[in-house]
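Report on the structure given below.
The values are calculated or read from the model by the stated rules, or taken from the named source; none is laboratory data. All of these numbers come straight from a predicted model, not from anything done at the bench. Here Cβ is always computed from backbone atoms with ideal geometry, including for glycine, and neighbour counts include all displayed protein chains. Each accessible area value is taken on the protein alone, full model and side chains, heavy atoms only, with ligands, DNA and RNA left out. Shrake-Rupley method; radii C 1.70, N 1.55, O 1.52, S 1.80 Å.
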Amino acid sequence: MVATRRGFLAGALGAACATAAPVKITGVETFAVRVPDGGSPDPLRVYRYPVTRVHTDAGITGTSFIGIDPTLLESWVKPALLGQDLFAIDRHMKRLQMNSGESRTQGWSGVEHAMWDCVGRLAGRPVAELLGKAKDRLRIYRTTVFPGKQDQSDVPYERQAEFAKRLQSNGYTAIKIRAWRPRPMDDVDATGVIRAAVGPSFKIMLDRTAVRPGWVWDYPTALQVARGLEKHNAYWLEEPFDGMDLQGPARLAAETDILITGGELGRTLFEFAAFLHNKTYDIVQPDTRICGGIWAAKKISTLAASFGVPCVQHGTGGFALAGYIQAGCAMTNCEWQEMIGAGPNLPTEEWEPGLVLLEDKKAWRVENGYVLLPKAPGLGLRVSEAALKEYRIRA
Amino acid sequence: MLSRRSLLLALAGPVRVTGVEIYDIRIPVTQDEAEAGLMHAFNVVEVATSAGVTGYSFAGPGTAHLPAVRRLLTGQDLFAIEKHLDNGLEKWGGVEHALWDAIGRIAKQPVYRLLGGASTRVKAYVTCVWPGKEDQQHVSYREQAEQAMRLQKAGFPGMKIRAWRPNPLDDADACAEIRAATGPGFAIMFDRTAHVPSIIGQKVWSFDTGLRVARALQRAGAYWLEEPFARDDYKSPARLAAMVDIPITGGEGYVGTGSFQQCLVNRTYDILQPEGRGSGGILTCRKVASMAEAYHVPCILHGTMALMLAGWLQATFATGAEWQEVALVRPPLLPQQQWAPGAKVLRNKELYRIENGEIVASELPGLGLDVIPEALREFRV
């Protein structure tokens, strides 16, 4: 009798849920687009955008603005992914990470972001919402490298202070500058000049970037710099030592009050476990392009949170940020999103030429120094098929 | 391919929780079926949303929690699971399951596909508890061996039983008899369940007892020993694990991720077993698995059965765990027999597809149960 009634109910009331067939990856491609520059390109704006796309048998295509090496794509990524389950990102990531060198992990990330774009578009929701969204906005800090020498030794402190004030008057609340000057205390003095210009609450971060300046501070130098930065109420000092030095940053963090941060070159969850075990950094900074993707970044954030350590993603510029913003909004312990400028400009200025690539000619909303999680599905950029075709510069 | 216009229209507006209901249902069964232990009473959670989609779970927390759950969720953003957990949702894993069911239904995808989609099949092991004395001393080794063979014949690759007998070495003897019956290749797990045997007056094992039992179980061919010591003792399981070869497992009693972090830092367990509901739910289990991955520690969910299991399975497929526990099964039943009445509230004819002892992921959206709302209304207590 019950069976009969059930048959009646199922037949008469409401349609059954539709099953969701598996979705297979049918194609992966990478190319670049160059958008019009009006005849006189502005060095502070971005006109060239790398693109990676993942096509599926569901008729949905995912797009990321992170390029991948075409040779790697053909020899390594495509054989691993074509015909495979779009949703099995965890499995693909492990498989590809296991036989990867540094460049290869980076190679995979552009594809991973595009796969998430696909998953989000299929779901009709922003990716952050599929991962257990923690927040709807991230506070922006603008990383600014000024034109001139790489070490910024020819950049007047006042020039840095003026630009910090410009950020501030546009609602931004933080700037990061290099700590590369040949005399390390000069960067402390620059910080003092910026602090005097912006007042007490604006955040000033300094980035030593480990080995990239060509020479690594010794511990006494780092301690002297950190103490000097403390006096000017700098917010953090990033990668004061070699990126693989687990103990140096921990010692400096224990000895000073300024936050010591790092981790942008960490490629695996295991490296972050080592940072966390050794209390290497006060804040870990995975880069979702380097650590294996959005999904890998969420895992690292989870691990860091279990140690009570904030996870603030290392950033990028241009539309590559799309995946970073989704990942950051899925993290409980990520307050900030770094936006790296091509020079002293506002993020909105920098990506303005690229807006022709988007259906609605809008990238992200920035309000009071925060970037808002976009409402469009996937990675949140409504990419124009026609524009990608029109501005494509490389097959 | 979506047209440009439809992509423009496809803005994902916010989805709010508009209402929560928690109630009991009782699916009609015969008295014989009820006495045999067929699962027919469930605690339902319904989460209504502004998208017009309703999420369901059968692993609810009891109607007494309804006012607090409503205070937490009504009017809130459906998708902000991390925020809800932070605000106290952790206590109500079954409610979290219903939120994910709604999310999956809106996304038109099974939840596991949204959380990494690591696998689509999982080996099921069946935890059996015989009616009668909690410590199972009235159950003959032979009966346990027969149930193991019954499961094996049905394709299941493993069984878990209690290690509660008053003389703990008796359980190792039971293991030997089961092993002789099943031959090699069938997993036999033992569960001491930490302090839980105190309900029948037993104490948590001393380290020496734990070591003697673990060694005896290892000799008898056991697959793992679960929770030999107290749950807040992060050191003794690690010490035991270092002295024996069989995995020492645990974790079902922890809420949130903090205790699991302690387990990993202390190398407490060889395998972590977050509870699919008690830990905080699907997302918490997925997070524990991520943490465990950093330590090369497998994460295998503590289980449940019948309609409740749907949420556990989504977490399991998302993480790619090797096993899913199906518990508690009352011999001589098979899991499918015990959960059969649940199909009366579903359009899908079987709750879960089992092939060769593996549970196969459903392609239905959300938690994978195509619930008939009218049936719930009809069976509501």
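Restricting the first member to the range B:29-53 and to residues that are closer than 17 Å to B:TRP339 by Cβ, and the second to residues that are assigned to a strand (DSSP E or B) and modelled with pLDDT of 95 or more, the beta-carbon pairs closer than 6 Å and six or more apart or on different chains are B:ALA41/B:ARG26; B:PHE42/B:ILE25; B:ASN43/B:ASP24; B:VAL44/B:TYR23; B:VAL44/B:ILE25. Number of residues in the range B:235-281 that are surrounded by fewer than 24 Cβ atoms within 10 Å (Cβ to Cβ), more than 14 Å from chain A (Cβ to nearest Cβ) and assigned to a loop (DSSP other than H, G, I, E, B) equals 9. Here is the figure for the range B:326-377: residues that are open to solvent by 50 Å² or more (accessible area, probe 1.4 Å) and at the interface with chain A (Cβ under 8 Å from one of its Cβ atoms) total 2.
Within the range B:207-234, restricting attention to residues that are open to solvent by 30 Å² or more (accessible area, probe 1.4 Å) and of a type in the set (Ser, Thr, Tyr), the residue that is farthest from the other protein chains (Cβ to nearest Cβ) is B:TYR223.
In the range B:66-98, how many are closer than 18 Å to B:THR304 by Cβ and surrounded by fewer than 24 Cβ atoms within 10 Å (Cβ to Cβ)?
2
Number of residues in the range A:96-111 that are at pLDDT 85 or above and either surrounded by fewer than 21 Cβ atoms within 10 Å (Cβ to Cβ) or farther than 17 Å from A:GLY266 by Cα (or both) equals 1.
Restricting the range A:72-87 to residues that are farther than 14 Å from A:PRO22 by Cα and among the charged types (D, E, K, R), which is most open to solvent (accessible area, probe 1.4 Å)? Among those that are farther than 14 Å from A:PRO22 by Cα and among the charged types (D, E, K, R), it is A:GLU74.
The residues of the range A:1-36 that are modelled with pLDDT of 90 or more, surrounded by 13 or more Cβ atoms within 10 Å (Cβ to Cβ) and more than 28 Å from A:GLY83 (Cβ to Cβ), listed by number, are A:ARG34, A:VAL35. Just one of the listed residues (A:LEU379, A:LEU355, A:LEU321) is open to solvent by 10 Å² or more (accessible area, probe 1.4 Å) and either in contact with a Leu (Cβ under 7 Å, 6 or more places away or on another chain) or at pLDDT 95 or above (or both), namely A:LEU355.
The residue that is nearest to the other protein chains (Cβ to nearest Cβ), counting only those in the range B:125-139 that are part of a strand (DSSP E or B) and out of contact with any helix residue (DSSP H, G or I) (no Cβ under 7 Å at 6 or more places or on another chain), is B:TYR125. From the list A:SER64, A:SER40, the one residue that fits, being buried (at least 21 other Cβ atoms within 10 Å of the Cβ) and either touching a residue at least 24 places away in the same chain (Cβ under 8 Å) or more than 14 Å from every other protein chain (Cβ to nearest Cβ) (or both), is A:SER64. Selection within the range A:349-395: residues that are under 19 Å from A:PRO36 (Cβ atoms) and among the small types (Gly, Ala, Ser). The member of this set that is farthest from the other protein chains (Cβ to nearest Cβ) is A:GLY354.
Listed here are the residues, each with its yes/no results for (1) within 14 Å of chain A (Cβ to nearest Cβ); (2) free of Cβ contacts under 8 Å to residues at least 12 places away in the same chain; (3) surrounded by 24 or more Cβ atoms within 10 Å (Cβ to Cβ).
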{"site": "B:TRP100", "(1), (2), (3)": "yes, no, yes"}
{"site": "B:GLY104", "(1), (2), (3)": "yes, no, yes"}
{"site": "B:ALA107", "(1), (2), (3)": "yes, no, yes"}
{"site": "B:PRO110", "(1), (2), (3)": "yes, no, yes"}
{"site": "B:GLU143", "(1), (2), (3)": "no, no, no"}
{"site": "B:ALA148", "(1), (2), (3)": "no, no, yes"}
{"site": "B:GLN152", "(1), (2), (3)": "no, no, no"}
